[in-house]
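Peer 1: Before I ask anything, here is the structure I am working with.
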Amino acid sequence: MKHLVVTLILMTSLLSGCGEQNQSVSEETKDEQETEQVGHSDEGTLEERAKRHVELALGIPGNEKYTLKIYRENLDADDKQDAVIVVNRLEYALNEAVRQGNTAKRAELGFIGNYNCFFFYDGGLDKISPKIDVPSTPQKELDVAFHHISSDQYKDIVIDFRVRNSKFREFYFVINHTPRKVFQQQVFDGLGITNTEAYGIAYEEGTMSSQKDILILKAEMKSPSDEIDVFTFEPEIIVGKELLYRFFYHPKLGKYAIRK
C-alpha cells in the first residue's frame with residue numbers, strides 16, 4: 001500500500017491542523033456545549049435551518065456558491081429520524097488558491113483542504129452539530145451511505161471522499177449524540193497511472209463485539225479506456241474473494257483494530 005503512505009504524508013503536510021476524530025470525555029462535553037450554542041434553531045424546515053446554521057458556522061458570504069445536501073436516516077437508538085448535512089465549497093477553494101497566488105500548484109494537488117465537511121442533525125435533540133471536516137479534494141463532493149454495522153436497529157454513517165487520484169472511506173458511529181470516526185480504509189489508489197491498488201469492503205458478524213467486523217478484500221481497478229478527470233471519475237472495481245484483513249470493533253478504544 002505504498003501509494004497510501006505517500007497520500008497520507010501529503011495530507012498531513014498540507015493539513016497539519018487536522019486532529020483525530022476520537023476525543024476524550026471532556027472534548028465530548030465541549031462538543032455538546034457547542035451544539036447547544038450554535039446548532040439550536042427551531043424555526044423553519046430542516047433545509048432552512050441547515051442553511052442558516054452552515055452559513056453562520058463556516059462564515060459563508062451571501063455571494064458564494066456552494067452545495068448543501070441533506071441525507072436522512074435513523075442513526076441512533078432513539079427512533080427519531082436524524083440527518084447528515086453535507087457541504088462542498090469548491091468555489092471557495094478555487095478563489096483561495098487565486099488569492100494565495102499558487103493556483104497551478106494547488107491545482108496539481110487537487111486543491112486538497114478542508115473544503116468538504118458535514119454536520120450531524122440529531123432528531124432526538126432537534127439540534128445541528130458543529131462542523132466535521134473531511135480533508136479532501138473539493139472537485140468531488142462527499143458521498144454518503146448508511147449501513148447496519150453497530151446495530152440492526154439503526155444505521156451508521158459511511159462517507160467516501162477523494163484525495164487526488166485516490167478514494168477513501170470513513171465510518172462513523174453516533175455516540176452520545178456525536179458522530180465518532182471509528183475506521184478509515186482506502187478504496188483505490190493510482191487512478192490514471194499504471195501502478196494501481198484497489199480493495200473491497202464487506203461486513204460480517206462481529207467476532208469480538210456486537211458490532212460487525214469489517215473485512216478488507218483484494219480487488220482490481222479496471223483501467224479507463226478514455227481520458228478522464230482523475231479527481232472525479234469513478235472507476236469500476238472488481239472485488240475478489242481473497243481476504244486481506246479483518247478488523248473488529250474495540251469498545252475500550254472506541255474504534256476498529258486488527259488482531260495481531
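Peer 1: For each pair in LYS65/LYS222; LYS51/LYS212; LYS80/LYS131; LYS131/LYS255; LYS80/LYS218, compute the distance between the two Cα atoms and list the pairs where it is over 27 Å.
Peer 2: Result: LYS65/LYS222; LYS51/LYS212; LYS80/LYS218 exceed 27 Å.
Peer 1: Ok, one more. Pull out a ≥ b ≥ c, the square roots of the eigenvalues of the alpha-carbon gyration tensor of the range 202-253, then state rounded if a/c is under 1.5, prolate if not and a/b is larger than b/c, and oblate in the remaining case.
Peer 2: Prolate shape, in that a/c is at least 1.5 and a/b is the bigger ratio.
Peer 1: May I pose another question? Within the range 48-84, list the residues whose amide N lies under 13 Å from a label point set 7 Å along Cα→Cβ of SER151.
Peer 2: Once the point is set 7 Å along Cα→Cβ of SER151, 74-82 turn out to lie under 13 Å by backbone N, inside the range 48-84.
Peer 1: Compute the convex hull volume of the Cα atoms of the range 23-258, divide it by the residue count, and report the result per residue in Å³ as a whole number.
Peer 2: 143
Peer 1: Could you give each residue of the range 115-124 its phi-based ³J(HN,Hα) in whole Hz, using Karplus coefficients 6.51, -1.76, 1.60 with θ = phi - 60°, and x for Gly or Pro?
Peer 2: Taking θ as phi minus 60°, the curve returns 10, 10, 8, 9, 10, 10, 9, 8, x, x Hz for the range 115-124.
Peer 1: Can you tell which of PHE118, LEU191, ASN63 lies farthest toward the positive end of the dipole of the range 23-258, using +1 and -1 charges on the Cβ of basic and acidic side chains (Lys, Arg; Asp, Glu)?
Peer 2: LEU191
Peer 1: OK, next. Enumerate the calculated ³J(HN,Hα) couplings along the range 215-230 in order (Karplus 6.51 cos²θ - 1.76 cosθ + 1.60, θ = phi - 60°), each rounded to whole Hz, writing x wherever the residue is Gly or Pro.
Peer 2: 9, 10, 10, 5, 9, 10, 9, 6, 6, x, 8, 10, 5, 9, 8, 5
Peer 1: R0 = 25 Å: FRET efficiency of GLU220 with ALA107, Cβ-based, nearest 0.05?
Peer 2: 0.25
Peer 1: Can you give the net charge of the other residues whose Cβ lies under 11 Å from the Cβ of GLY206, counting K and R as +1 and D and E as -1?
Peer 2: Charge balance in the 11 Å sphere: -1.
Peer 1: Related question: Testing the spin-label approximation: label points 7 Å from Cα along Cα→Cβ at ALA257 and SER209. State their distance in nm.
Peer 2: It is 1.0 nm.
Peer 1: Sticking with this structure for a sec: Would you mind checking which residues have amide H under 5 Å from SER151's amide H? H placed 1.01 Å from N; only 5 or more apart, or other chain.
Peer 2: Here the answer is none, since no amide H 5 or more places off falls under 5 Å of that of SER151.
Peer 1: I would also like to ask the following. Would you give the gap between the C-alpha center of the range 165-179 and the C-alpha center of the range 87-109, rounded to a whole Å?
Peer 2: With the range 165-179 and the range 87-109 each reduced to a Cα centre, they are spaced 25 Å.
Peer 1: Here is a further query. Once amide H atoms are built 1.01 Å from N in the peptide plane, which residues 5 or more positions from ILE175, or in another chain, come under 5 Å H to H?
Peer 2: Correct list: ARG180.
Peer 1: Something else now. Could you give the length gained by full extension between GLU242 and THR45, i.e. 0.36 nm per residue of separation minus their alpha carbon distance, to one decimal place?
Peer 2: Gain on stretching GLU242 to THR45: 66.2 nm.
Peer 1: Name the long-range amide H neighbours of ASP82: under 5 Å, sequence gap of 5 or more, or other chain; modelled H, no Pro or chain starts.
Peer 2: For ASP82, the qualifying residues are GLU73, ASN74, LEU75, GLY123.
Peer 1: Based on the Cβ-Cβ distance of ASN63 and ASP126, what FRET efficiency does E = 1/(1 + (r/R0)^6) give at R0 = 35 Å, to the nearest 0.05?
Peer 2: Efficiency at R0 = 35 Å is approximately 0.70.
Read-outs: derived from the displayed coordinates by stated rules, not from any lab. Keep in mind it's a predicted model, so treat the numbers as computed, not measured. In this analysis, Cβ positions are derived from the backbone assuming ideal geometry, glycine residues included, and neighbour counts consider all displayed protein chains.
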